[in-house]
Amino acid sequence: MKYDFLIVGAGLFGAAFAHEAKKKGKNCLVIDRRDHIGGNIYTEEIDGIQVHKYGAHIFHTSNREIWDYVNQFAEFNNYINAPVAVYQDELYNLPFNMNTFSKMWNIRTPEEAKEIIAKQIASLDIQEPQNLEEQALSLVGRDVYEKLIQGYTEKQWGRDCKELPAFIIKRLPLRFTYDNNYFNDRYQGIPVGGYTKLVEQMLVDIPVRLNTDFFTLKDVEYDRLVFTGQIDEYYNYQFGPLQYRSVYFETERLECENYQGNAVVNYTHREVPYTRIIEHKHFEYGAQPVTIISREYSREWEPGVEPYYPVNNAENNSLYERYQQLGEAEEKVIFGGRLGQYKYYDMDKVLEAALAAARQYL
Ligand code: UDP
């Protein structure tokens with residue numbers, strides 16, 4: 001049998017594209033190297049707790065169409081992400097807001113906070129921020145940068161803040177209200193029962209082959225290919241490898257009901273080896289008598305480990321452009337997702353891209 005589409009990668013991009021293709025009457029085969037669907041949003045139930053095996057995923061979007069789209073596949077709860085940051089023996093609310101500033105400077109009003117930040121910024125003389133450090137300093141000043149950004153970012157990316165692109169820090173809101181919501185988006189939540197179930201719903205009646213590597217696949221015929229793996233690997237690293245950041249987890253089951261009182265606690269001090277601890281049950285307000293926590297460590301990607309984050313600095317972006325040109329010249333191959341498009345996508349943006357590709361190619 002010949003498929004209309006071979007879809008490589010059963011993550012969010014692949015699953016959404018497959019779902020749309022199936023709706024249009026196309027025959028699709030989805031394959032994945034791993035032994036499960038869902039890519040990095042995969043969740044696994046342990047003791048009644050949905051464990052985010054590849055790190056915390058909180059769905060958020062301002063796009064009503066995307067929100068309606070995901071809600072076809074799962075019911076979303078009303079979880080609002082409000083991480084806290086631990087710096088040495090101090091604890092702060094994130095994102096940077098009046099709770100953070102009031103704790104840091106023992107002040108109360110937006111006016112006082114703005115004045116302190118403005119003073120710190122004025123002494124820096126940064127015109128147009130050229131990198132993450134300059135961007136962060138010119139947004140929030142030195143105190144917040146040194147306690148809550150610098151150490152965390154250097155652990156997370158394994159690079160000096162001066163060598164990282166400014167846009168990464170703009171992901172975080174800065175506000176002068178007492179509002180700990182990590183996102184500014186209109187819609188937010190976690191799919192009740194986990195992300196794996198959501199992806200399963202997207203893939204209903206679509207054949208999926210797990211433990212199947214595209215590069216050694218032999219017996220499958222298809223018209224078009226949707227590739228959501230690393231674009232540089234697809235082209236056999238012919239211009240050299242792109243850089244990715246990887247993370248790994250130390251997951252523990254604890255005989256305690258509530259370990260840290262929050263789903264996400266960031267450790268922003270450089271000396272703490274992990275970047276954050278996730279307590280999974282709090283994503284779904286779990287009342288189990290036990291808990292599962294994951295300490296998240298960051299490392300550089302190399303062949304054999306899972307790639308998570310593209311490192312979108314100038315060097316990698318220009319290398320990616322060369323791969324992208326090869327990709328655009330292909331008539332029968334569509335590249336998608338974080339790895340296929342070398343882009344630090346959030347889940348809603350992945351879906352937007354998958355639906356746009358579906359509109360274009362179906
Ligand atoms: N960040 C930080 N301190 C924190 C949390 C985040 O400096 O406590 C910075 C860091 O550079 C990070 C970026 O903000 O890479 C984006 O954080 P986000 O939480 O969006 O990252 P993700 O959850 O995608 O890993």
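Cross-link list K22/K343; K23/K343; K53/K147; K26/K281: which exceed 30 angstrom alpha carbon to alpha carbon?
With Cα atoms farther than 30 Å apart: K26/K281.
Please list 14-22, 308-316 highest first by mean number of surrounding beta-carbon atoms within 10 Å per residue.
Going by the mean number of other Cβ atoms within 10 Å, highest first, we get 14-22, 308-316.
Given a cut-off of under 8 Å on Cα pairs at least six residues apart, what relative contact order in percent is computed for the range 6-111?
So the answer I get is 14 percent.
For K24, which lysines qualify as cross-link partners when the Cα separation must be under 23 Å and same-chain residues fewer than eight apart are set aside?
Those lysines meeting the cut-off are K2, K197, K332, K349.
State, as an integer percentage, the relative contact order of the range 20-78 based on alpha-carbon contacts under 8 Å between residues 6 or more apart.
After rounding, I find 16 percent.
Averaged per residue, what accessible area in Å² does the chain show with a 1.4 Å probe, protein chains only?
Heavy-atom accessible area per residue stands at 46 Å².
Among 285-295, 48-58, how do they line up by average Cβ neighbours within 10 Å per residue, starting with the highest?
Packing proxy ranking, top to bottom: 48-58, 285-295.
Restricting to bridges with both residues inside the range 1-127, how much of the DSSP beta-bridge set is antiparallel, in percent to the nearest 5?
65
Which of the aspartates and glutamates could a cross-linker bridge to K162, judged by Cα under 20 Å and excluding same-chain residues fewer than eight apart?
By straight Cα distance, K162 reaches D125, E128, E133, E134, D143, E146, E154, E271, E300, E315.
Relative contact order for the range 60-112: what is it in percent, counting Cα pairs under 8 Å that are at least 6 residues apart?
Contact order relative to length: 17 percent.
So for the chain, taking the charge dipole from beta-carbon charges (+1 Lys/Arg, -1 Asp/Glu), which of V311, A15, L132 sits furthest toward the positive end?
A15
Quick one: 3J(HN,Hα) in Hz for the range 22-35, Karplus 6.51/-1.76/1.60 with θ = phi - 60°, rounded, Gly and Pro as x.
3J(HN,Hα) across the range 22-35, in whole Hz: 4, 4, 8, x, 8, 8, 10, 10, 9, 10, 8, 5, 6, 9.
What fraction of the DSSP beta bridges in the chain is antiparallel, stated in percent and rounded to the nearest 5?
60
Looking at G229, N262, L217, which one has the Cα that reaches farthest to the positive end of the dipole of the range 194-268 (charges on Cβ: Lys, Arg +1; Asp, Glu -1)?
G229
From the alpha carbon gyration tensor of the chain, can you work out the equivalent ellipsoid semi-axes (sqrt of 5 times each eigenvalue) and give them in Å, largest to smallest?
Semi-axis lengths for the chain are 37, 25, 19 Å.
What does the charge count around Y54 come to, taking other residues whose C-beta lies under 11 Å from its C-beta (Lys +1, Arg +1, Asp -1, Glu -1)?
For residues surrounding Y54, the net value is -1.
Counting only protein heavy atoms, what percent of the accessible surface of the range 31-109 is carbon or sulfur at a 1.4 Å probe?
Using a 1.4 Å probe with all protein chains present, the range 31-109 comes out at 42 percent carbon and sulfur.
Of the peptides 70-80, 182-192, how do they stack up when ordered by the mean number of other Cβ atoms within 10 Å, highest first?
By packing density, highest mean first, the sequence is 182-192, 70-80.
The values are calculated or read from the model by the stated rules, or taken from the named source; none is laboratory data. Model, not experiment: these values are computed from the prediction. A quick note on method: Cβ atoms are made from the backbone with ideal geometry, for glycine too, and the neighbour counts reach across all protein chains shown. With ligands, DNA and RNA removed, areas are computed over all heavy atoms of the protein, side chains included. Shrake-Rupley method; radii C 1.70, N 1.55, O 1.52, S 1.80 Å.
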